[in-house]
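Participant: Below is one structure. I have some questions about it.
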Amino acid sequence: MTELGQALVFGVLAGSVYGLMATGLTLTFGVMKIVNMAQGALLIFSAYLCYTLWARFGIDPLLGGFIVTVPLAVLGVVLYKLVIQRVQRIDQGLTIVATFALALIAEAAIALAWGPNPAAATPRYFNQAFRIGSLTVPRAQFYTCLLAVGVTLALQAILKRTWLGHAITAAAENPEGARLVGVEPARVGAWIFAIATASTAFGGAAISFLYQFTPDSQDVWIGLTLSVIVLGGLGSVPGAFAAGLLLGVAEAITSTYISVRWAAAVPTLPILVALLIRPQGLLARATRQDTGT
Amino acid sequence: MTSNLVRRAVITLALAALAGIPLVSDDLYYQSVLMLTFMLAIGASGWNIMGGYAGYISLGNSAFIGLGAYTTGILAAKQGVSPFVGCLAGGLVAGLAAAFLSLVTRRTRGVYFVIVTFAALELLGVAATTWSGVTGGSQGLALPLPTWSMAYQNWPFYYPLLGLLVLTVAVSAAVRRGKLGLGLFAIADDEDKASGLGLRTAVYKMNAFVLAGTFTGIAGGIYAYYVAFLNVAAVFDIVTSMLIVLAALLGGRGTVWGPVLGAFIIEPLANLTSTSLGGADAGAIRLLLFGGLLGAVVLFLPRGVLPTVTGYCRRRQAPRRVPTRPAPAGAAGAAVPAHGPRQDGDPHGDVADDVLEACGLVKAFGGLRAVDGADLAVAAGRVTGLIGPNGSGKTTLFNLIDGTVRATSGQVVLAGQRIGRLGRPARAHAGLARTYQLPRLFGSLTVVENIVIPERRLSFARLWRHRVTAAERARAIAMLAELGLAPYADTSPAELSFGQRKLVELAQVRWLDPVVVLLDEPAAGISPALAERLADTIRSLAQRGTGVLLVEHDLPFLARLCQRVYVMANGKIIASGTAAQVSADRAVVDAYLGDEVALASAEPAP
Amino acid sequence: MISIEGLRAGYGAFDIVRGVDLKVDAGGITCIIGPNGAGKSTVLKTISGILRPRSGRVIIGGTDLSAQPPEAILRAGIAHVPQRHGLFARLTVRQNVLMGAYVIRRRRKHIDARYQKLAQTFPLLAERPDAAAGALSGGQRRTVEFARALMLEPRVVLLDEPTLGLDPRSLAVIRDSIVAMNRAGVTILMVEQNVRFGLSLARHAVVMSAGTVALTGPAGDVANHPHLMDLFFGAAHG
């Protein structure tokens, strides 16, 4: 029984971080229908930045995450204006290829800047753990779980309670109606990218001390985050969080009871199953096909 | 036509040169670069059939290489199978995987499809690594060494790859030249419209995908023998997939030679960078280069090198576009229309069979009933009108009849057959056709191609015939001539005016020789002269026995054409009769002018 | 108040509005009627800035506001309630109404006060401020849309088929709202499919057909015009 309990603990903790990593992707897809294949690269970039802040200046990676949101947000706006807006005008179907190209460029740039050797930050708590009854709760994962919950709640608050959030929701659902009240979808797009990439900074911070990473880790993380948003409803932030939890638990249980090697397949399998059966996401509301008379 | 001769000469020379290289030179290094180039060209050409012709972009085509390579490798290593059989088996497995992928497109399209291909590649990589008992896992798989003499050097790999490339390009050209290609381009432009015209899009896509997968798979098999050692990371590799996409996009997707050109640019470049760059950063610089190139192509050269160059040359030759004279028909043959007039309907008689009946059709969207129990009948050889105010459900009714939307309840009967359960292509095959308020034509096709594309019947042999046969061309041009559009035969629909596009859409419908035609506001937004031409076309349709159901707002137009008019309001049919009867009907006037509102206390503001 | 000169506009390759000249007097209710495809909604869209005109001018209150973006038009005091999809179904009633004041969103207090004031005219705002807009009935949605249009205290309100999709009972409520808006000093330019409803409310009527103005005059005269039904059934361009 403790084995199951332990698997659940690991699963939930890891899963919350998966959800955190996917929030940026969820936002850009949910609002703008853009799949940002560079999400993995952005995560790794943030991870490297946090690692450098920790290695050079001794700044705790969790704090580093907050600092890194700024350059990431700027990067998001730049990407939106220089690349996304342009390719959307040329050929919408190629947007995903463009972001895919960005991912590879980013991976290369990261490798050139930091080298190919694995990196991992090791703050004080990275291998400490609490004990609750017979269960071990690793400290580092616990903190990132808190971070994940916090960021998810903060994003929800922004979306539901601020003018910007309302404007984003409005423009996503009804671009023409939004224009009638003075909300310009293009400006909203820049904000969405800024928020999405800023939230990615926190995911990267988590990676920096939870996992070992190299520049090409971005490939693994994009697969995983795609899985999360596909499961959770391409566009629902709480849905993505729940999906992350689900994936984390599934992975932990597979690892414990089947084999560690097959656990690697767990993240990608849902994409295939979900997209074949219910493309709009398992937790998304059923989309209506009608558009009036 | 000298440009054609020049092209052929260049291609023949290049082929001769490539075939001759191993004969004159012993440099194994250059041969290996060329072999990798051939492989990339095969992969890119295959990708092009899926992504360039049919519009389905895949990020996972290196999976076909991997499947081909591993199938061949496993058969060789475990069963000692001969290389030739092994490669073909590799192609078969990859082809089957491609067929499965095409089935996926039934529900998963666009961006979702791209994600699926990405995930499938990842998953196959994981599976290959995990099934280490069979595949050797991360340790890799060693193939038995070739049994032939070392004196042959690379020839047993070089020539098969070159031959496979020639075959792939030839097939790609045949596809593009033929009806399969025509259908694929139409699917890329407007898949739903294509199925509404009777194209069995699932079959077309499967053909395209299987061709792509099989050739790429065979190439993978040959590759496996060449390198004699396989590891998962090398073949199920996202970067290889990316290079395939890059080669096709850079060269020009949708063309025959574009992907080959792209491969011949990319692969040598890749090789050059890996040899001239040294050090730990080499891999990163290459990735930067190719990622950057892919991004640059997408942003700045989305059509690719070949179309841009040929477009530039073409514009320099012909100053301003003038409708080109129709080119002479391909093969000799009298210009005889392929179909004679159908059995006449009886436009003036009182008794005519109903070819289309809608019984109690209901469509509910949540609580809203867009169509609330509609009954109507269309007689053969007669024009029937359908009018009603905005929001009365006319377009939804059309969508129910043609199958775009599933009915909540009720029946549609076409020539005595219930078609409620049939898909759109099947309904077209049964004789149903439809036009749209805003005409939908295929932008990548010429006007003539647009007209000849509808199909009443699928046959595999037909897929490989010319896009437009001589007889078809003659018939189409005759139709265009009747409409006064003959000079536009070989132009793109984008050059036509709105009204002209409507006429072409109508010609498309006539091509199907339909039993019933649904016309959605054909006269809207066009000049009176064009409207007259349209009316004539509709009359001739009816005279040939077709039943026509026409939605229009212009009552005089309807009155000239229709023997019977239905009036729809709030999802129901509220009146029917001749145009005169209906326009005098109180209920109809009410429906148009709106409900009476108690006006006792309502006074306009001062 | 509003003067439109030689307006041409459309979507894609062709023009729907083909040379429209129109004048709307301040303080009254003007109704545009006409058959489908006549270009009525398109005219409203060019006034409110969501569609760029291809040629012609839109002059409001003496200022040339042609081809201005929607934000500028809102600030100039013109609000537009569209035919369909006006509301944001995922936002609440209150949030929807407040979005009408998006362009002045910094003035928090003013906005809250304005909401309270509008709740007096539209009780729904006080009764169910937190209801999801998507859950409301047709008539209730229209009410929310009206309230939202009034948030910026506009001089002119453009109404595109306010009765579309409404049952007869809601018509009376909508009629009262429009009359009340007008009494408070707002000029109303409305497009209506329901000819009787529109002409009963309006002082001035404009009949459009095939992209141009076919007939204009006092509402009563137009309503009794002998060839009105002909215009609807297309004799104008037969």
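Participant: On alpha carbon coordinates alone, what is the Rg over Rh value for the stretch B:14-74, Rh being the Kirkwood radius? Spell out each step's value before the answer.
Facilitator: Details: Rg = 14.9 Å, Rh = 13.6 Å.
Answer for the stretch B:14-74: 1.10.
Participant: Also, I was wondering about something else. Treating cross-link reach as a plain straight distance, find the lysines whose alpha-carbon is under 16 Å from the alpha-carbon of B:Lys502, omitting any fewer than eight places away in the same chain.
Facilitator: B:Lys193
Participant: Which residues' amide hydrogens lie under 5 Å from the amide hydrogen of B:Asp353, considering only partners 5 or more residues apart or on another chain, with H built in the peptide plane?
Facilitator: Those qualifying (amide H under 5 Å, at least 5 residues apart or on another chain) are B:Ala380.
Participant: Now for a different question. What are the ³J(HN,Hα) couplings of the stretch B:261-272, residue after residue, when phi is run through the Karplus curve with 6.51, -1.76, 1.60 and θ = phi - 60°? Round to Hz, x for glycine and proline.
Facilitator: 4, x, 5, 5, 8, 6, 5, x, 4, 4, 5, 4
Participant: Taking a cut-off of 25 Å between Cα atoms, list the lysines near C:Lys109, but don't count ones fewer than 8 places away on the same chain.
Facilitator: Reachable lysines: A:Lys160, C:Lys117.
Participant: Going Cα to Cα from B:Lys394, which lysines come in below 17 Å? Please leave out same-chain ones fewer than 8 positions away.
Facilitator: B:Lys363, B:Lys572
Participant: How about the stretch B:386-444: which trypsin sites (Lys or Arg not before Pro) there are in a DSSP loop, with at most 11 other Cβ atoms within 10 Å of their Cβ?
Facilitator: Working: sites: B:Lys394, B:Arg406, B:Arg418, B:Arg421, B:Arg427, B:Arg434, B:Arg440; in loops: B:Arg406, B:Arg421, B:Arg440.
Sites meeting the loop and neighbour criteria: B:Arg406, B:Arg421.
Participant: Using DSSP to call loops (not H, G, I, E or B), can you name the chymotrypsin sites (Phe, Trp or Tyr not before Pro) in the stretch B:55-159 whose Cβ has at most 16 other Cβ atoms within 10 angstrom?
Facilitator: Working: sites: B:Tyr56, B:Phe64, B:Tyr70, B:Phe84, B:Phe100, B:Tyr112, B:Phe113, B:Phe118, B:Trp131, B:Trp148, B:Tyr152, B:Phe157, B:Tyr158; in loops: B:Tyr56, B:Trp131, B:Trp148.
Qualifying residues, ordered by number: B:Trp131, B:Trp148.
Participant: Could you work out the Kirkwood radius for the stretch B:467-606, taking every pair of different alpha carbons, averaging 1/r and inverting it, reported in Å?
Facilitator: Values: mean 1/r = 0.0566 Å⁻¹.
Every distinct Cα pair counted, the radius reaches 17.7 Å.
Participant: Can you sort A:Asp91, B:Asp372 by how many other beta carbons sit within 10 Å, fewest first?
Facilitator: Working: A:Asp91 13, B:Asp372 18.
Result, fewest neighbours first: A:Asp91, B:Asp372.
Participant: Let me ask something else about it. Whole percent per 5 Å bin, from 0 to the bin with the longest distance: what is P(r) over all C-alpha pairs of the stretch B:27-237?
Facilitator: Result returned by the calculation: 1, 8, 15, 19, 18, 15, 11, 7, 4, 2, 0, 0.
Participant: Which ³J(HN,Hα) values in Hz, rounded to whole numbers, follow from the phi angles of the stretch C:25-42 under the Karplus curve 6.51 cos²θ - 1.76 cosθ + 1.60, where θ = phi - 60° and Gly and Pro get x?
Facilitator: 7, 5, x, x, 10, 10, 10, 9, 10, x, x, 4, x, 6, x, 4, 5, 4
Participant: Can you give me the C-alpha center-to-center distance between the stretch C:93-108 and the stretch C:111-129, rounded to a whole angstrom?
Facilitator: 12 Å
Participant: Please give the calculated 222 nm ellipticity per residue for chain A, where each DSSP H segment of at least 4 residues contributes -39500 (n - 2.57) and the sum is spread over every residue; nearest 500 deg cm²/dmol? If you can, show how the numbers build up before the last one.
Facilitator: On the way: 13 runs with 210 residues, N = 293.
It lands at -24000 deg cm²/dmol.
Participant: Enter the angle in degrees (range 0 to 90, nearest 10) between the Cα long axis of helix B:201-227 and the first principal axis of the Cα atoms of chain B, meaning the one along which they spread out most.
Facilitator: 0 degrees
Participant: Once the convex hull of the C-alpha atoms of the protein assembly as shown is built, how many Å³ does it hold per residue, rounded to a whole number? List each step's numbers first, then the result.
Facilitator: Details: hull volume 223.8 nm³, N = 1137.
It comes to 197 Å³ per residue, whole-number rounded.
Participant: What angle, in degrees between 0 and 90 and rounded to the nearest 10, separates the Cα long axis of helix A:185-210 from the longest principal axis of the Cα atoms of chain A?
Facilitator: Approximately 10 degrees, to the nearest ten.
Participant: Find the Cα radius of gyration of chain C, compare it with 2.2 N^0.38 Å by division, and give the number to two decimals. Present the calculation step by step, with values, prior to reporting the outcome.
Facilitator: Working: Rg = 17.5 Å, N = 238, 2.2 N^0.38 = 17.6 Å.
Dividing the Cα Rg of chain C by 2.2 N^0.38 Å gives 0.99.
Participant: Sticking with this one: Under 5 Å between amide hydrogens, which residues at least 5 positions from B:Lys363 or on another chain qualify, with H placed 1.01 Å from N in the peptide plane?
Facilitator: Sorted by chain and number, the residues that satisfy this are B:Ala370, B:Val371, B:Asp372, B:Gly373, B:Thr408.
Participant: Which angle between 0 and 90 degrees, to the nearest 10, do you get for helix B:83-104 versus the longest principal axis of chain B when only C-alpha atoms count?
Facilitator: 30 degrees
Participant: Do you know the relative contact order of chain C, to the nearest whole percent, from alpha carbon pairs under 8 angstrom that are 6+ apart?
Facilitator: This gives 27 percent for chain C.
Participant: Throw me the Rg/Rh for chain A, computed over C-alpha atoms with Kirkwood Rh, two decimals. Walk me through the numbers on the way to the answer.
Facilitator: Details: Rg = 18.9 Å, Rh = 19.5 Å.
Computed over Cα atoms, the ratio is 0.97.
Participant: Which net charge results when you count Lys and Arg as +1 and Asp and Glu as -1 among the other residues whose beta-carbon is under 10 Å from that of C:Gln68? Please list the in-between numbers first.
Facilitator: Values: positive: C:Arg52, C:Arg75; negative: C:Asp64, C:Glu71.
That sum, taken over residues with Cβ under 10 Å, equals 0.
Participant: Can I ask one more? Using the Kirkwood radius over Cα pairs, work out the Stokes-Einstein diffusion coefficient for the stretch B:26-124 at 20 °C and 1.002 mPa s, in µm²/s as a whole number. Kindly include the intermediate steps, with their values, before the conclusion.
Facilitator: Details: Rh = 14.8 Å.
Reported coefficient: 145 µm²/s.
Participant: In what sequence do A:Ser236, B:Ser82 fall when counting other Cβ within 10 Å, fewest first? Show your work: numbers first, answer last.
Facilitator: Working: A:Ser236 18, B:Ser82 12.
Placing the least packed residue first, the sequence is B:Ser82, A:Ser236.
Participant: Quick check: Cα centre of the stretch B:151-212 to Cα centre of the stretch C:180-197, how many Å?
Facilitator: What the calculation gives is 60 Å, centre to centre.
Participant: Also: Rank the residues C:Phe88, B:Phe365 as a footprinting-exposure proxy: fewest other Cβ atoms within 10 Å of their Cβ go first. Numbers along the way, then the final one.
Facilitator: On the way: C:Phe88 27, B:Phe365 17.
Ranked by crowding around the Cβ, least crowded first: B:Phe365, C:Phe88.
Participant: Can you give me the Cα centroid spacing of the stretch B:348-426 and the stretch A:124-150 in angstrom?
Facilitator: Each part's Cα centre sits 63 Å from the other's.
Participant: Using the Cα atoms of chain B, I'd like the radius of gyration and the largest Cα-Cα distance, Dmax, both in angstrom.
Facilitator: 29.4, 106
Participant: If you don't mind, there's one more thing I want to ask. What are the semi-axes of the equivalent ellipsoid of the stretch B:354-593, taken as the square roots of 5 times the eigenvalues of the Cα gyration tensor, listed largest first and rounded to whole Å?
Facilitator: On the way: eigenvalues 186, 90, 46 Å².
Each semi-axis is the square root of five times an eigenvalue, giving 30, 21, 15 Å.
Participant: Something else about it: Return the ratio Rg/(2.2 N^0.38 Å) for the stretch C:1-132, where Rg is computed over Cα atoms only. Walk me through the numbers on the way to the answer.
Facilitator: Details: Rg = 17.0 Å, N = 132, 2.2 N^0.38 = 14.1 Å.
That works out to 1.21 for the stretch C:1-132.
Participant: Which value in deg cm²/dmol, rounded to the nearest 500, describes the helix-derived mean residue ellipticity at 222 nm for chain B, given -39,500 (n - 2.57) per DSSP H run of n ≥ 4 and division by the residue count?
Facilitator: Working: 24 runs with 335 residues, N = 606.
Theoretical 222 nm ellipticity from helices: -18000 deg cm²/dmol.
Bear in mind that the values in this text are calculations on the coordinates, not laboratory data. Quick caveat, the model's predicted, so the values are computed rather than measured. Positions of Cβ are backbone-derived with ideal geometry, glycine not excepted, and every protein chain shown enters the neighbour counts.
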